[in-house]
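Notes to accompany the following structure.
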Amino acid sequence: MIFDKLKNAACYAGLSDNFRKAIEFMLSRDFSLEPAGKYEIDGKEVYATLSDQTNMPAEKEKYECHRNYADIQLVLTGGERMFYTEMGNCENFTEYNDVKDIFFCTAEKGIDLCFYPGDFAVFFPQDAHMPGMCLPENASKEGLVTKKLVIKVRV
């Protein structure tokens, strides 16, 4: 797992050709001004989803996991809380959905990450993550929206 600021994203372009494409795309424009939707970068190798989401309370209990893709999750506006843990800490795995490259599991709360505009994380297949939660300072507020870019990178 990588947690960093957008200003440092170019440092990770050397991880692979697919990461280079993802990072170049992520740095290509101000996505906070772009409409929500799907963005093709390189077919099924690298693609993105830009969304406006209402974050959930932190009582959410399921971590998500992937086998074939790393997630780059960049917060553009608002803020979001995510948890991270190693797959070795997880149990109660659901069946793998190979079409969506996703399965879920449970684990004790892992590392608590608070994302603000310009913060991003890379979650690799060995990284279970629980995105989409309210920041602690916003837990009592309803209807707060976070704009987020998620880039799927085949690894």
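Of the GluC sites (Glu not before Pro) found in the stretch 104-155, those in coil by DSSP whose Cβ has at most 11 other Cβ atoms within 10 Å are Glu108, Glu142. Using a 10 angstrom Cβ neighbour count of at most 16 plus a DSSP loop assignment to flag exposed chymotrypsin sites (Phe, Trp or Tyr not before Pro), which longest range of the chain is free of such sites? Here the longest segment lacking exposed loop sites spans 1-92. Among the GluC sites (Glu not before Pro) in the stretch 57-106, those located in a DSSP loop and surrounded by at most 15 other Cβ atoms within 10 Å of their own Cβ are Glu59, Glu61, Glu95. Under 8 Å for C-alpha pairs, at least 6 residues apart: give me the relative contact order for the chain, rounded to a whole percent. Relative contact order comes out at 36 percent. Taking amide hydrogens as placed 1.01 Å from N in the peptide plane, the amide H of Tyr69 sits under 5 Å from those of Val155, each at least 5 positions away in sequence or on another chain. As an equivalent ellipsoid, the stretch 110-155 spans semi-axes of 23, 13, 9 angstrom, where each value is the square root of five times an eigenvalue of the C-alpha gyration tensor, largest first. A straight Cα-to-Cα reach below 22 Å connects Lys100 with the lysines Lys21, Lys38, Lys44, Lys60, Lys62, Lys147, Lys148, Lys152, residues fewer than 8 places away in its own chain not being considered. Taking amide H positions as modeled 1.01 Å from N, with prolines and chain starts lacking one, the residues under 5 Å from Met56 and 5 or more places away or on another chain are Met133, Cys134.
No disulfide-compatible partner, judged by a Cβ distance under 4.7 Å, exists for the following cysteines of the chain: Cys11, Cys65, Cys114, Cys134.
Residues of the chain were split at every exposed loop site, defined as trypsin sites (Lys or Arg not before Pro) in a DSSP loop with at most 16 other C-beta atoms within 10 angstrom, and the longest piece left, sites excluded, is 68-99.
Across all directions, the shadow cast by the convex hull of the chain built on its C-alpha atoms averages 8.8 square nanometres.
In order along the stretch 124-129, phi translates into HN-Hα couplings of 8, x, 7, 9, 7, 9 Hz, rounded to whole numbers, per the Karplus curve 6.51 cos²θ - 1.76 cosθ + 1.60 with θ = phi - 60° and x for Gly and Pro. Across Asn55, Asn138, Asn92, mean-square fluctuation computed from a Gaussian network of the chain (C-alpha pairs under 10 Å connected) peaks at Asn92. Going by neighbour counts of Cβ atoms within 10 Å, the residues Met133, Met56, Met1 line up, fewest first, as Met56, Met1, Met133. Each helix, a run of at least 4 DSSP H residues, gives -39500 (n - 2.57); summed and divided by the residues of the chain, these come to -2000 deg cm²/dmol at 222 nm. Each pair of Cα atoms in the stretch 53-107 enters the Kirkwood radius, and Stokes-Einstein at 4 °C and 1.567 mPa s then converts it into a translational diffusion coefficient of 101 µm²/s. Our note on the geometry: Cα centres of the stretch 1-46 and the stretch 97-153, 17 Å apart.
Values in this text are rule-based calculations from the coordinates and carry no lab data. Quick caveat, the model's predicted, so the values are computed rather than measured. Positions of Cβ are generated from backbone atoms using ideal geometry, with glycine treated the same way; all protein chains shown enter the neighbour counts.
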